[in-house]
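Please read the structure below before turning to the comments.
Here, each number is a calculation from the coordinates, and none is a lab measurement. Only a predicted model underlies this, so the values are computations on that prediction, with no experimental measurement involved. Here the Cβ is made from the backbone with ideal geometry for all residues, glycine too, and neighbour counts use every protein chain on show.
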Amino acid sequence: MNEHNDFYPPSTPEDNRKKADLAPKQIEAWRTFSRTVFKEGVLDEKTKQLIAVAVAHVTQCPYCIKAHVPLAMRKGASKQEIMEAIWVASEMRAGAAYAHATIAMDAMEKAENKE
């Protein structure tokens, strides 16, 4: 195995079966939940997959990225749409870091006032 695979081993059907066997009720509930969430509703399936791609990048889940990018494409998303969704995720992640600077500013002011 290369270094990358040591950190993120490939997800195999056998591994998925083993995990399911360890908690069958929970995996069935999860699978039902997942199928329900990704069914077309007010949002179409393509949009839901684009959201999943963006969230996968924010949560930095390589397994989710590998799963949802091809699903988004199968639901009609173009490479450009996928990349744009990733940029939205990037902005939100960066924006959250900047927004949290308010907490740092508050902490700095409190630290100064204690001196």
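In plain terms, the residue of Leu50, Leu43 with the fewest other Cβ atoms within 10 Å comes first and the most crowded comes last, giving Leu43, Leu50. Just to be sure I understand, if you calculate Cα Rg over 2.2 N^0.38 Å for this structure, which of (1) 1.00; (2) 1.46; (3) 1.23 do you get? It is the one labelled (2). My understanding is that a pair violates if its Cα-Cα distance is over 26 Å; which of Lys25/Lys79; Lys18/Lys46; Lys25/Lys46; Lys19/Lys66; Lys39/Lys66; Lys18/Lys48 do that in this structure? Flagged as over cut-off: Lys25/Lys79; Lys18/Lys46; Lys25/Lys46; Lys18/Lys48. Using a cut-off of 14 Å between beta-carbons, work out the net charge of the residues near Pro24 (Lys and Arg +1, Asp and Glu -1, Pro24 not included). Result for the local shell: +3. Dividing the mean sequence gap of close Cα pairs (under 8 Å, 6+ apart) by how many residues region 3-114 holds gives a relative contact order of 21 percent.
With bins 5 Å wide beginning at 0, the percent of Cα pairs of region 70-115 falling in each bin runs 6, 19, 13, 12, 10, 9, 8, 7, 5, 5, 3, 2. The Cβ shell under 11 Å around Arg74 holds other residues with a net charge of +1, Lys and Arg each +1, Asp and Glu each -1.
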